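See structure below.
The values are calculated or read from the model by the stated rules, or taken from the named source; none is laboratory data. Just so it is clear, the model here is predicted, and its values are computed rather than measured. Backbone-built Cβ (ideal geometry, glycine too); neighbour counts: all protein chains shown. The area values use the complete protein model at the heavy-atom level, side chains included, leaving out ligands, DNA and RNA. Shrake-Rupley method; radii C 1.70, N 1.55, O 1.52, S 1.80 Å.
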Amino acid sequence: MRGRILSGMRPTGTLHIGHLSVLENWVKLQEEYETFYMVADWHALTTSFDETGFIKEKTRDMLLDWLSVGIDPEKSTIFIQSHVPQHAELHLLLSMITPLSWVERVPTYKDQIQQLGEQGKDINTYGFLGYPILMAADILAYRADTVPVGEDQLPHLEFTREIARRFNYLYDHQVFPEPQAKLAKLAVLPGIDGRKMSKSYHNDIAITCTADELGERVKLMVTDPQRIRKTDKGNPDVCTVYTYQSLYDKETLCETEEACRRGEIGCVQCKKKLAEKMDLSLKPIREKRYELEKKKGFLEELIAEGDKKARSAAGATLDAVYDAMRM
Ligand code: TRP
Ligand code: SF4
């Protein structure tokens, strides 16, 4: 039998090219596993409970990006968390058996409260405390055995296994498997200023950028700051353009490196070459996205179908849960 995967993303709106490696991994996993991919809109509420007006639009934009990159509704169940009430139901049941000390000691908990507190945002809520239980409910509602996540989510997965074990033990039934993290070696792209790529830093490149926009963004990329004239010897190791080339222009990477070190290529020319390569690579995604945007009602139908499949799978789990609890 194929393994089952659940993974999710918060609705962030249109994605940037830093998200591509995660999504491309999801696309690959569709072939090997039964996959459930979720828009985690309730999770968004833990930090943005006062900005709910954008969630619908952001969900839509993000889903169009998923599909453009190759998440395939024929192969994966694509759904929205808040349309599957079983997540909330299981969250409640699991919260009854979770010792308070377990949620309080999740390493990201106090850090995030402090971090957001410094930005003037108070997320010291009951809901935020329960975040790991909600995430556990997301995964366990499908009895998923595999969860592709980034390293930052590992404590949450360990937490999920602990709850699964505790439930199975308390009610003396093997209702839940203990889900394993699937870490992929993913390329990490910096933003155009060399810092971590993030929409809030305005240093990102949207995956739907046009050729012109790509040219503009690449032009702004930081290069070797020591290099002023194009005959200056450069150091690609400290150049963001070069980091991008190692992903988007592998074929001529050695040549670029040598030419830079010898001072035989100018940054303007080097950037132009990168922008062209990136355009070639992103064009199919952009074109698919245009196609999908034109289809009226298509996304709504797709979501309705995914929601239905998700509710049915999660419903079966809840039946097993109440059976085990003799309720
Ligand atoms: N917490 C994840 C994030 O912020 C999103 C998420 C919610 C998730 N539920 C999940 C990921 C379940 C994997 C499995 O990125
Ligand atoms: Fe970077 Fe290319 Fe300029 Fe070298 S020539 S510093 S690799 S942009």
Just to check I understand the Karplus step: with θ = phi - 60° and J = 6.51 cos²θ - 1.76 cosθ + 1.60, what whole-Hz values come out for segment 176-183, glycine and proline as x? 10, x, 8, x, 9, 6, 10, 8
Using a Gaussian network model of the chain whose springs link C-alpha atoms within less than 10 Å, name the residue from Asp249, Asp122, Asp138 with the highest mean-square fluctuation. Asp122
Accessible surface, segment 82-210, averaged per residue in Å² (probe 1.4 Å): 52
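Under 8 Å for C-alpha pairs, at least 6 residues apart: give me the relative contact order for segment 152-248, rounded to a whole percent. Don't skip to the answer; put the middle values down first.
Details: 74 pairs, mean separation 17.7, N = 97.
RCO, segment 152-248: 18 percent.
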Å² of accessible area per residue within segment 248-290, as computed with a 1.4 Å probe and no ligands counted: 60
Antiparallel as a % of all DSSP beta bridges within the chain, to the nearest 5? 10
Calculated FRET value between Met327 and Leu253, using beta carbons and R₀ = 51 Å, to 0.05: 0.25
Could you work out which residue, out of Gly194, Gly117, Gly234, moves most in a Gaussian network model of the chain, that is, has the largest mean-square fluctuation with Cα springs under 10 Å? Gly117
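Return the carbon/sulfur percentage of the accessible area of the chain, one whole number, probe 1.4 Å, all protein chains in place. Walk me through the numbers before you get to the answer.
Working: 9120 of 17310 Å².
The value for the chain is 53 percent carbon and sulfur by accessible area.
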In this structure, the FRET efficiency calculated for Glu300 and Lys196 from their beta-carbon separation, with R0 = 45 Å, to the nearest 0.05, is 0.85
Whole-Å distance, taken between Cα centres, linking segment 87-134 and segment 43-67: 20
So who's got an amide H within less than 5 Å of the one on His16, skipping anything under 5 residues away but keeping other chains? H placed 1.01 Å off N, in plane. Ile207
List, in order, the whole-Hz ³J(HN,Hα) value for each residue of segment 226-234 obtained from phi through the Karplus relation with A = 6.51, B = -1.76, C = 1.60 and θ = phi - 60°; use x for Gly and Pro. 6, 8, 10, 8, 6, 8, 5, 6, x
Quick query: amide H of Lys182 versus all other amide H atoms, modeled in the peptide plane; which residues come in under 5 Å with a sequence gap of 5 or more or a different chain? Val147, Val149
Which residue fluctuates the most in the chain, going by a Gaussian network model with Cα springs under 10 Å, if the choices are Tyr248, Tyr169, Tyr131? Tyr169
Could you pull the accessible area for His202 with a 1.4 Å probe, rounded to 10 Å²? 140
Strictly over 28 Å apart at the Cα level, which of Lys110/Lys182; Lys121/Lys185; Lys56/Lys272; Lys58/Lys121; Lys199/Lys309 would you flag in this model? Lys121/Lys185; Lys56/Lys272; Lys199/Lys309
Amide H of Lys196: which non-local residues (sequence gap of 5 or more, or other chain) have their own amide H closer than 5 Å, using H built in the peptide plane? Gly191
